Structures are given as C-alpha cells and as structure tokens.
Amino acid sequence: MTCSLSVNRILRVEATSNRTNAVLQVFVTASGQLLGFVDASDALCKGQLKERSKELPSGSPWTTDAEFEAITVYFEPPSEDERFNVVRHERA
C-alpha cells in the first residue's frame, strides 16, 4: 500500500500488544502517518457498546461485558519507546 501525506486515511488495526505494534510501527514510520489513540475508560467503552447494540436487529450478536474483559486484557497502549507519532484523544 502506498500512502500520500495529502490524503487522509483512517486505518483501524488490531495492534494492541508490543508484538503487533512492531508491525504497525513499520507502516507508520515508513509512511510518516499519525497514529490516533483513543484513551477511554472501560466503563465508557462498555456503555458505547451497549448503546450501539440497541440498534442491532433482534438476535444479533453483540459484545458482552465478559467478552470485552477477555479482549481488553491484552491491550497495551503505545509507548514512547515504540516511536509512533501519536495523536492522543482522551475521552471522559
């Protein structure tokens, strides 16, 4: 993939551990792109998931609190030593 600084892109990547962040770091560094990081509490994220699930058709699967906990236990925010150009968005 070729990136141009004149074109905005949103890339959602499952890079939530140091191992997968290393792969993302190559892309971000080589392209000169910014890495957006949303810093939000678990309570806020769970609330947003529940709100979004209200619009799903009856019987549709959605993320439960237990599933959220099982997934987020692996999350590691980007650290300074990874040398990402991070734009941090704090959500209350």
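The values are calculated or read from the model by the stated rules, or taken from the named source; none is laboratory data. Quantities reported herein were computed from a predicted structural model and do not represent experimental measurements. Glycine also receives a Cβ, built like all others from the backbone with ideal geometry; neighbour counts cover every protein chain displayed.
The set of residues in segment 65-92 being at pLDDT 85 or above and over 18 Å from the mean Cα position of the chain (by Cα) consists of A66 alone. Applying the criterion of being in contact with a Leu (Cβ under 9 Å, 6 or more places away or on another chain) and in contact (Cβ under 8 Å) with a residue 24 or more places away in the chain to the residues of segment 44-81, the residue that is surrounded by the most Cβ atoms within 10 Å (Cβ to Cβ) is P78.
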